[in-house]
Amino acid sequence: MKLILIGLGWSFGGPIGAIIGYGIGSLFSSNSPRVIRSEVNEQFGNTEAKRDFNVTLLVLSAAVMKADGFVKKSELDYVKRFFLQNFGQERAENYIKMLREILEQEYNLYEVSQQVGRYMDYSSRLQLLHYLFGIANADGVFSPEELNVINTISDYMGISNSDFLSIKAMFIRETDSAYKILGIDPSASDEEVKRAYRETAKKNHPDLVSSLGDEVREAAEKKFQEINAAYETIKKQRGL
């Protein structure tokens, strides 16, 4: 049955495909390739972009949840809420079943993250990173292990350090968080601030992830609001 998944999208091949293929059998009992393909499309998104993003989300979520040695109930509840809000009761239950299977597996984080970096566009990777910070923050505390795993995933996916620090600053507030969100230093000139805002807003614009569905786009809009708020804070401080 696992072989039926080949061709359903890039994420179902390579290391991610092996992880998903191992767990998919717990969700579907039919032996008919046609039925299996139909059910996979139904439960994991009926477009390739949505499917790829969703299954990647499951695999990387598991890595963050296991980072500190055990899975917290708050983290699992966060993931449940996310999928419930985005995909409805039935799909959310299937995603959580799959996640439980993935949590039992050991896999090479480098290979998985490299696969994401090769095949997923940059804006979608930024949205994945934002979501992973949300999981780590589910219990209100970022452990060093969680931050290290997220940093590692970010690096392996090919996300720049400034973009990693930008998203991190949206969750871990410091006195200069507004500047970090825009990827600049407080000593930056007014023109550099304006340019940094335009560049950060451009690569994080919600329209860039619209192919992933309305729900993911709405999540991207919240991140976009953080960028706008950071810019407004700096402008107020400088009297611009």
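No lab work stands behind these numbers, since they all come straight from the coordinates. Note that the structure is a prediction, hence the values are computed from the model and not measured. Cβ placement follows ideal geometry from the backbone for every residue including glycine, while neighbour counts extend to all protein chains displayed.
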What pairs in Lys72/Lys168; Lys168/Lys236; Lys168/Lys203; Lys50/Lys72; Lys80/Lys203 have C-alpha atoms more than 19 Å from each other? Lys72/Lys168; Lys168/Lys236; Lys50/Lys72; Lys80/Lys203
Determine, for each peptide in 57-68, 104-115, the mean count of other beta carbons within 10 angstrom over its residues, then list the peptides with the highest first. 57-68, 104-115
For the stretch 122-139, Karplus couplings with θ = phi - 60° (6.51, -1.76, 1.60), whole Hz, Gly/Pro x: 5, 5, 5, 5, 5, 5, 4, 4, 4, 5, 5, 5, x, 5, 4, 8, 4, 9
